[in-house]
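Asker: Before anything else, here's the structure in question.
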Amino acid sequence: MLPRMDRMPDVSALRDRLGSLHGRGLSAVDAVAEAATLAADLQRLANAGITRAEAKELAVLARLMEDPAGRVFTTAMTDQALRARVPKRVAEQLAHLVGTIGAPRYLTGFDRLQLRAFRRLSGLAPKLLVPAVLRRIKGEMGRYVIDGAPARVGAELHAMLRRGTHPNLNQLGEAILGEQEAEARLARYLDAVRREDVAAVSIKISSIASQLDLLAFDASVDTLADRLRRLFHTAHGSRFVDLDGTVHPTLVTLDMEEYRDLHLTLSAFERVLEEEELLGFAAGIVLQAYLPDSHEAQRRLVAWSQRRVARGGAPIRLRLVKGANLAMERVDAAVHGWKQAPYATKAEVDASFKRMVHYGVAEGRLDAVRLAVASHNVFDLAYGLVVRALVGAPEHLAFEMLEGISASLRRVVRDVAGDVLIYAPAVVEDELQSAIAYLIRRLDENTAPENFLRHVFELEPGTPAWEEQERRFVAACRDAATVAAGARRDQDRRAEPVDPDPDGPFVNEPDTDWTLPHNRAWVEAILARWREREPVVVGPVVAGEELTDGGAGVEDGFDPGRPGAVPYRWVKADEALLERALVAARDGAAA
C-alpha cells in the first residue's frame, strides 16, 4: 500500500499513483487499503477547493440535517404550497405552515424574519408577495434541476460544458396518463438526442408507454421495443460536439425505476439492440445495487452483450447505482403483503455495490459491458479509480454524479479521472411538480442517518466521522463476496395453498406478485385451460335449483378480451321463472 500524503495532495501526483498500480497485482486487501488512502486525499482536495458560495450552501444543508422540524417544513412547503396555481392559495398554505411548524431553524435569521413577515402580510397582497417567494424557491431549485424549456435548455447545457462537465439530460415528469402524453414525451427525447450539445440522455420506460402491464408482459415489451427503436435509431445517427470541437456518439441510457419494471426494462433493451441495424449502437442501462435481483440481471446482461459483441456489435454501458426508491418500495411491499424487494440493511446494499463492481471488471467483461460507477460516496469513487487502474482500462470504467451535489468533489474526480458525466434533471414550467417530487426524494435519501451524504458536511480525514465511514467501506468490501445475491420475493402460486390455522389470528392473503415469472406462467396456464374448454351453460338459480334449460331460450355470452369467442351460454329467464322466484322469496320470508 502506498503511504498517505502528509501535505495537500496534487491531482497530477494522484494520477501518477493510480497509473503505477497497473500490473502490480494488488491483493484485495491492499486494493481496499489503497482506496481508503486515495479517498482521504480526494476529500482533502475537495475540502480545499470549496468555493465561498458552496461553503455557504453546505453550512445551510448541515443545519438542515440537525433540524427535523425544518425538514418537515421544507418538504411540506415544496409538496403543498408549490402545487397550488392561485397566489392566494399559496399564501394561505405557506402562512399555515409557518404558523403550525414555525420558521425553520436551519435558515438564516434574516430568512426566518422574512417568513414571519410573510405570514402577517401575505393575506393583504398575495399577488405581489407570492411571485417573489416562488422566484426565490425556484432559484434554490435551480442548483439541482435545470430549466428544460426549449428557449433555456441550450444555455443551461452550455454553462455545464463550460464548467468542464458533460451533461446527462434527464427529463423529469415521468408519470404519464395516456398514450398521447407518452408520444409527446418521446418526441421530447427525440429532440434531445438530436441536439449537438447533449452528451447523453436518460429515459424511463414509464415515460414512453402508458399501458405497461406485467400480465401482458410480451405485449408490453413489444410496445416498449417500438418506442425504443425510434429513439435508438435517432441517437445512432446523432453526435455530441464538445466545446473543443471533438465529436462523440450520443449516449442513451435506460434508467431503472420500480422493482416491477426490472425485467420489462431488460427485455425491451435486449430486444431492440439485437436488431442488425442497431448492432453498432452502444446504449446504456442502469442496475440498482439495493436489489439482490440485480446480480442475476448483471450476469444476464454480460452474457447477452458478449454474444452481441461476438456478432460484431458494440459494447453496452452499465451504470451502477445504489438505488433511490427505497421508501416507495417499502410502502408498495407493505400494501400488497409482499417481502421488501431491496435489501433490508444499508450494509448489504454497500456490499452489493462492491460485488457488482468486482464482477463487472473481472475476466475481460469490460470488453462487452463498460461500467459507470455512479456515486457521491468518496470511498466508492476512490475504489472505482483504484479498480480501474488495476485492470488498466480507464476508457472502460467511467464515473457519474448528480448535478448540484458535492460540486467540489465532482471537480476533483473529474480532474483525476479525466471526465465525469453529470446527471442533470430538467423540467419545464408546466411540470414543476415533477421537480418537487424529485427534490423531496433527494432530501429523503440524503437525510437518512446511514446515507453517506448525511455526513458529508463534517467529513475531514482523521476525524471520528471519517473513521466511521472508512470502517463501513472496509466492511462492505469484506462482505461483498458473501452478500445474498438472489431475489427476496419468493411467492409461488403454483404451490399447494396452506390451510389456515382456524385458531390463529386473521391475516390477509397477499396479492399475487406478477413481477415473478413463475406466477405469470401460473395464471397463463389457467387462462389457457379456460380458452380451451367447452362453453358452459349458466342458468338462473331459483329456490336453490340451477335451471340450465327452459326459460326464454339460451343466449351466447361474450368475452371482450376475445371477440368472436363464446366462453359461456346463459339461460334467459321468463315470466314463469320470475313468478317461481317471487313465490320462493315469499315462502322463505316466513322462515
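Asker: Return the only residue of ALA327, ALA351 being outside any loop (DSSP other than H, G, I, E, B), modelled with pLDDT under 95, hydrophobic (A, V, I, L, M, F, W, C) and touching an Asp or Glu at 6+ places or on another chain (Cβ under 7 Å). Let's see the steps before the verdict.
Answerer: On the way: ALA351 fails: modelled with pLDDT under 95.
Matching residue, one of ALA327, ALA351: ALA327.
Asker: Return yes or no: is ARG307 assigned to a helix (DSSP H, G or I), under 25 Å from ARG227 (Cβ atoms) and open to solvent by 30 Å² or more (accessible area, probe 1.4 Å)? Even if it seems obvious, please write down each step before you answer.
Answerer: Values: assigned to a helix (DSSP H, G or I): yes; under 25 Å from ARG227 (Cβ atoms): yes; open to solvent by 30 Å² or more (accessible area, probe 1.4 Å): yes.
Taking the combined requirement at face value, the residue satisfies it.
Asker: Another question, then. Quick test of your reading of the structure: ALA426 fulfils all but one of (1) touching a Lys or Arg at 6+ places or on another chain (Cβ under 9 Å); (2) over 18 Å from ASP41 (Cα atoms); (3) at pLDDT below 90. Name the failing condition by number.
Answerer: Of everything listed in (1) touching a Lys or Arg at 6+ places or on another chain (Cβ under 9 Å); (2) over 18 Å from ASP41 (Cα atoms); (3) at pLDDT below 90, ALA426 misses just condition (1).
Asker: If you don't mind, there's one more thing I want to ask. Looking at GLY360, GLY384, can you tell me which residue is touching a Ser or Thr at 6+ places or on another chain (Cβ under 9 Å) and at pLDDT 90 or above?
Answerer: After applying the criteria, what remains is GLY384.
Asker: Mind checking which residues of the stretch 484-528 are in a helix (DSSP H, G or I), open to solvent by 40 Å² or more (accessible area, probe 1.4 Å) and of a type in the set (A, V, I, L, M)?
Answerer: The initial filter retains those residues of the stretch 484-528 that are in a helix (DSSP H, G or I), namely 517-528.
With open to solvent by 40 Å² or more (accessible area, probe 1.4 Å) added as a condition, the list becomes 517-518, 521-522, 524-527.
Within the stretch 484-528, ALA521, ALA525, ILE526, LEU527 qualify.
Asker: Go through the stretch 100-118 residue by residue and tally those that are touching a Gly at 6+ places or on another chain (Cβ under 7 Å) and crowded, with 17+ Cβ neighbours inside 10 Å. Steps first, answer last, please.
Answerer: First, the residues of the stretch 100-118 that are touching a Gly at 6+ places or on another chain (Cβ under 7 Å): 104-106.
Keeping just the survivors that are crowded, with 17+ Cβ neighbours inside 10 Å gives 104, 106.
Total satisfying the criteria: 2.
Asker: I've got another one for you. If LEU421 satisfies all but one of (1) under 22 Å from HIS358 (Cα atoms); (2) in contact with an Asp or Glu (Cβ under 7 Å, 6 or more places away or on another chain); (3) at pLDDT below 90, what's the number of the condition it fails?
Answerer: In the conditions (1) under 22 Å from HIS358 (Cα atoms); (2) in contact with an Asp or Glu (Cβ under 7 Å, 6 or more places away or on another chain); (3) at pLDDT below 90, LEU421 misses (3) alone.
Asker: Picking from ALA590, ALA552, which residue would you name as being exposed (fewer than 12 other Cβ atoms within 10 Å of the Cβ), of a type outside the set (D, E, K, R) and more than 58 Å from the chain's Cα centre (by Cα)?
Answerer: It is ALA590.
Asker: Among the candidates GLU329, GLU363, which residue alone is open to solvent by less than 50 Å² (accessible area, probe 1.4 Å) and acidic (Asp, Glu)?
Answerer: Sole residue among the options that is open to solvent by less than 50 Å² (accessible area, probe 1.4 Å) and acidic (Asp, Glu): GLU329.
Asker: Tell me which residues, restricted to the stretch 210-266, are of a type in the set (Phe, Trp, Tyr) and touching a strand residue (DSSP E or B) at 6+ places or on another chain (Cβ under 8 Å). Break it down into steps so the answer makes sense when it comes.
Answerer: Restricting attention to the stretch 210-266, the residues satisfying the condition of being of a type in the set (Phe, Trp, Tyr) are 217, 232, 240, 259.
Within the stretch 210-266, PHE232, PHE240 qualify.
Asker: Would you be able to tell me the number of residues in the stretch 132-153 that are modelled with pLDDT of 80 or more and either loosely packed, with under 13 Cβ neighbours inside 10 Å or part of a loop (DSSP other than H, G, I, E, B) (or both)? Outline the logic, then answer.
Answerer: At the first step, the residues of the stretch 132-153 found to be modelled with pLDDT of 80 or more are 152-153.
After this cut, where a residue has to be either loosely packed, with under 13 Cβ neighbours inside 10 Å or part of a loop (DSSP other than H, G, I, E, B) (or both) as well, the list is none.
Here the count works out to 0.
Asker: Would you please list the contacts, defined by Cβ atoms under 8 Å and residues six or more apart or on different chains, that run from a residue in the stretch 143-165 that is small (Gly, Ala, Ser) to a residue that is open to solvent by 10 Å² or more (accessible area, probe 1.4 Å) and in a helix (DSSP H, G or I)?
Answerer: Filtered contacts from the stretch 143-165: ALA149/GLU429; GLY164/ARG411; GLY164/ARG414.
Asker: Within the stretch 565-582, how many residues are open to solvent by less than 80 Å² (accessible area, probe 1.4 Å) and assigned to a loop (DSSP other than H, G, I, E, B)?
Answerer: 5
Asker: In addition: Determine whether the stretch 176-185 contains at least one residue that is in contact (Cβ under 8 Å) with a residue 40 or more places away in the chain, in a loop (DSSP other than H, G, I, E, B) and open to solvent by 30 Å² or more (accessible area, probe 1.4 Å).
Answerer: Here is the first cut: in the stretch 176-185, the residues in contact (Cβ under 8 Å) with a residue 40 or more places away in the chain are 182.
Filter once more, keeping what is in a loop (DSSP other than H, G, I, E, B): none.
Looking for residues that are in contact (Cβ under 8 Å) with a residue 40 or more places away in the chain, in a loop (DSSP other than H, G, I, E, B) and open to solvent by 30 Å² or more (accessible area, probe 1.4 Å), one finds none in the stretch 176-185, hence no.
Asker: Taking SER206, is it crowded, with 19+ Cβ neighbours inside 10 Å, touching a helix residue (DSSP H, G or I) at 6+ places or on another chain (Cβ under 8 Å) and modelled with pLDDT of 95 or more?
Answerer: Details: crowded, with 19+ Cβ neighbours inside 10 Å: yes; touching a helix residue (DSSP H, G or I) at 6+ places or on another chain (Cβ under 8 Å): yes; modelled with pLDDT of 95 or more: no.
Spelling it out, it is not the case that SER206 is crowded, with 19+ Cβ neighbours inside 10 Å, touching a helix residue (DSSP H, G or I) at 6+ places or on another chain (Cβ under 8 Å) and modelled with pLDDT of 95 or more.
Asker: Only one residue in ALA55, ALA62, ALA35, ALA69 is assigned to a helix (DSSP H, G or I), touching a residue at least 24 places away in the same chain (Cβ under 8 Å), hydrophobic (A, V, I, L, M, F, W, C) and closer than 23 Å to VAL416 by Cα, so which one is that?
Answerer: The unique qualifying residue is ALA35.
Asker: Take the residues of the stretch 534-545 that are touching a strand residue (DSSP E or B) at 6+ places or on another chain (Cβ under 8 Å) and more than 30 Å from ALA219 (Cα to Cα): which is least open to solvent (accessible area, probe 1.4 Å)?
Answerer: To start, the set of residues in the stretch 534-545 that are touching a strand residue (DSSP E or B) at 6+ places or on another chain (Cβ under 8 Å) comprises 535-540.
Retained after the next criterion (residues that are more than 30 Å from ALA219 (Cα to Cα)): 537-540.
Working: VAL537: 60, VAL538: 68, GLY539: 13, PRO540: 33 Å².
Taking the candidates together, the pick is GLY539.
Asker: So MET77 ticks every box in (1) farther than 30 Å from GLN93 by Cα; (2) modelled with pLDDT under 80 but one. Which box is left unticked?
Answerer: In the conditions (1) farther than 30 Å from GLN93 by Cα; (2) modelled with pLDDT under 80, MET77 misses (1) alone.
The values are calculated or read from the model by the stated rules, or taken from the named source; none is laboratory data. Keep in mind that this is a model prediction, so the values were computed, not measured. Every residue, glycine as well, gets a Cβ built from its backbone with ideal geometry; the counts of neighbours run over all protein chains shown. Heads up: the accessible areas ignore ligands, DNA and RNA and are worked out on the full protein's heavy atoms, side chains in. Shrake-Rupley method; radii C 1.70, N 1.55, O 1.52, S 1.80 Å.
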